[in-house]
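Below: one structure, written as structure tokens.
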Amino acid sequence: MTEPTLYPVPGPYAGKTLLDEQGYLEMYRRSLEDSEGFWREQAQRLDWIRPFTQVKDVSFARDDLHIRWFADGTLNVAANCLDRHLAEHGDDTAILWVGDEPGTSREISYRELHSEVCRFANGLKSLGVQRGDVVTIYMPMIPQAAVAMLACARIGAVHSVVFAGFSPEALAGRMDDGQSRVVITANAGRRGGRSVVLKENVDRAIALCKETTVETAVVVNYTDDAVNMQPGRDVDYGELLAAQDEDCPPEEMGAEDPLFILYTSGSTGKPKGVLHSGGGYLTYTSLTHEYVFDYRRGERFWCAADIGWITGHSYIIYGPLANGATTVMYEGVPNYPDVTRVARIVDEHQIDVLYIAPTAIRALMAEGDRPTEGADLSSLRLLGTVGEPINPEAWRWYHRNFGRGQCPIVDTWWQTETGGALLTPLPGATALKPGSATRPFFGIRPALVDNDGNILEGAAEGNLVLLDSWPGQMRTVFGDHQRFADTYFSTFRDMYFTGDGARRDADGYYWITGRVDDVLNVSGHRMGTAELESALVAHPAVAEAAVVGFPHDIKGQGIYVYVTLNSGVEPSEEMHRTLRDWLRSEIGPIATPDVIQWAPGLPKTRSGKIMRRILRKIAADEYDQLGDISTLADPSVVEQLIDNHTRLA
Ligand code: PRX
């Protein structure tokens, strides 16, 4: 039996969603035709302290690059996520926290969350944190992480959340770049039944910082693991909180004041501090959360991401809380204690919407029907995916097993830089095609261009760009506006270049084909090949290294490393382990290479540029498609590389 390629809006959805097909088309048209009017209206979903009069002030021109939304308005993001819900919904659950160990969970009401955020905000002030200061957050998935983020927002400090899986070296680099003198952490976190030590990493990172002196580390003593507190520097979270008043008026912030920095990898250089500002970002995340997930108050919304990534920022914390939602925060991993965990959580907590990454779906799918065996799952109304292209097979498995063949799947395409979803179906409005992120959200003007920047019409394949701004767009690279311009606005004139390739079909649906730059997407984690390579060559045994991605059944892409060792160093099992561990310690476990191949030489042009195209083809077993190799300085290295590759297999 052939599988359907088009899934119409399911019958039970008709007339029950915020919008139907016609409604989407009309609202989308209006969002482009009267962009200012549309966004002026949408921004009213927030509580402004001083209403804005200017809606949009944007130029994508590389030498006059600026992006401003609602610029003369003022607001407080935390007050929008908390205070304004108190009068009528103070007792609603804001955070439904689900612990790593089955059976552990906690519901935190808006009133309780507000109270703790206010006290912690006062605690931060008592430590000398002021508006504009960058505060690093390196925490497990516990409610205090949300408290820390919102407390920063309340006092106008800029949070910089660093994924707790990153190494001390990576953490130090980010603290240095942000000149962050305060870090908030926990003694340890829990994942998959084990403790993951964090405070020790923070101690090491503080020692590694070169450009900034970290003065304070606030530590949540969360597990029983012993912790070494350094007097005068380290502060216990509980003690700090206990000493504070609950009264903490929210700081009046300009719409364009920075809300947070989040580091992400690009094709060159060190990770960039993507900067988002408050007014536009919250408008956009709140609006997308409502329409993409067709969210209704009282529903339980589970975005199974980590707060260390943009998905966690936008759809665990800011979007849902701005909408007064019940947001689920899950501490653990999808397969602990076994592969039924996700389904069990859905049933136990009667989850309405489940939003997870394709890599998790594929890992569960590898277990056949076991992950959902015996589960009811009838509470689920909608499914979502994010972070990487989803293969139709995984889409159908998710649809059948978790969606019982009835729930639509919203495949949302977006990026750290975009703040919220840009290409996405709306349930109730969009017929689905497995593997397609379908159509643009309101106000979004995507286009496909060829390599010369010519806009392609109709069904086509090319580079995905955005022709105009939206309120959730990043504003700059922290501390380096030139890099912002160079990275995103110099490839194609007056357009934001996403770094992704895409195809548009005859129905106007978009299909993301993956990155067209040197960025990897490994299990939904974004990594720059340059970053991995510079970590490798920093090892004394390594002369040269080149890193490429290759197709991987579960991770989407795997990490394939070619290494040329220094003369005198022999390839060995031990050296293999050493380099693997080196990458893990320099960057973090997510950078663990899948394959390391010894390469006596790398394919280079006569001017010395490594031809990655060739390395990618070899890694993917596509030797017959190497293309022209005659421009190589030494074409014979290719044969040697293929030879070594086949011996690895
Ligand atoms: O290549 C695209 C892929 O993830 C990249 C962005 O990664 P990051 O900034 O870490 O944000 C991930 C979460 C929003 C994009 O350039 N990507 C993201 N969502 C999708 C996707 N690729 C295909 N389909 C998606 N739905």
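The values are calculated or read from the model by the stated rules, or taken from the named source; none is laboratory data. All figures in this text were calculated on a predicted structure; none of them were measured in a lab. Because the Cβ atoms are built from the backbone with ideal geometry, glycine has one as well, and the counts that use them run over all protein chains shown. The area values use the complete protein model at the heavy-atom level, side chains included, leaving out ligands, DNA and RNA. Shrake-Rupley method; radii C 1.70, N 1.55, O 1.52, S 1.80 Å.
A dipole drawn for the chain from +1 and -1 charges on Cβ atoms has a positive end, and of 139, 108, 492 the residue lying farthest that way is 492. Cross-link partners for residue 210 among the lysines, with Cα-Cα distance under 23 Å and sequence neighbours closer than 8 places in the same chain left out: 199, 270, 272. Were the residues from residue 229 through residue 400 laid out at 0.36 nm apart, the gain over their Cα-Cα distance would be 56.6 nm.
Within the accessible surface of the chain, defined with a 1.4 Å probe on protein heavy atoms only, the carbon and sulfur portion equals 47 percent. All Cα-Cα separations within region 84-220 were binned at 10 Å from zero, giving a P(r) of 13, 39, 33, 14, 2, each value a whole percent of the pairs.
For the chain, the solvent-accessible area of protein heavy atoms averages 38 Å² per residue (probe radius 1.4 Å; ligands and nucleic acids excluded).
Rounded to the nearest 500, the 222 nm mean residue ellipticity of the chain from helices alone is -8500 deg cm²/dmol, with -39,500 (n - 2.57) taken per DSSP H run of at least 4 residues. Its Cα gyration tensor gives region 269-384 an equivalent ellipsoid. The semi-axes, each the square root of 5 times an eigenvalue, are 27, 19, 10 Å from largest down.
For residue 543, the amide hydrogen comes within under 5 Å of the amide hydrogens of 564, 565, 566, counting only partners 5 or more places away or on other chains and with H modelled in the peptide plane. The local environment of residue 143, defined by Cβ-Cβ distances under 15 Å, has a net charge of -2 under the rule Lys, Arg +1 and Asp, Glu -1.
Accessible surface of residue 533, taken over heavy atoms with a 1.4 Å probe and every protein chain present, rounds to 30 Å². Cα convex hull, region 346-424: 91 Å³ per residue, rounded to a whole number. At 20 °C and 1.002 mPa s, grab the translational diffusion coefficient of region 199-305 from Stokes-Einstein with a Kirkwood Rh over Cα pairs, rounded to a whole number in µm² per second. Diffusion coefficient, whole number: 116 µm²/s. A Cβ-based charge dipole, computed about the Cα centre of region 577-649 with Lys and Arg at +1 and Asp and Glu at -1, lands at about 280 debye.
For region 461-549, applying the loop criterion from DSSP together with a ceiling of 15 other beta carbons within 10 Å to the trypsin sites (Lys or Arg not before Pro) yields 493. Summing Cβ point charges (Lys, Arg +1; Asp, Glu -1) relative to the Cα centre of the chain gives a dipole of roughly 320 debye.
A DSSP coil position with no more than 16 other Cβ atoms inside 10 Å describes the following GluC sites (Glu not before Pro) in region 170-258: 211, 215, 246, 252. Exposure check, 1.4 Å probe, all protein chains in place: residue 455 carries approximately 80 Å² of accessible surface.
Computed across the chain, the Kirkwood hydrodynamic radius from all distinct Cα-Cα pairs reaches 25.5 Å.
Expressed to the nearest 5 percent, the antiparallel share of DSSP beta bridges inside the chain is 60 percent.
Cα centroid separation, region 15-41 to region 476-552: 32 Å.
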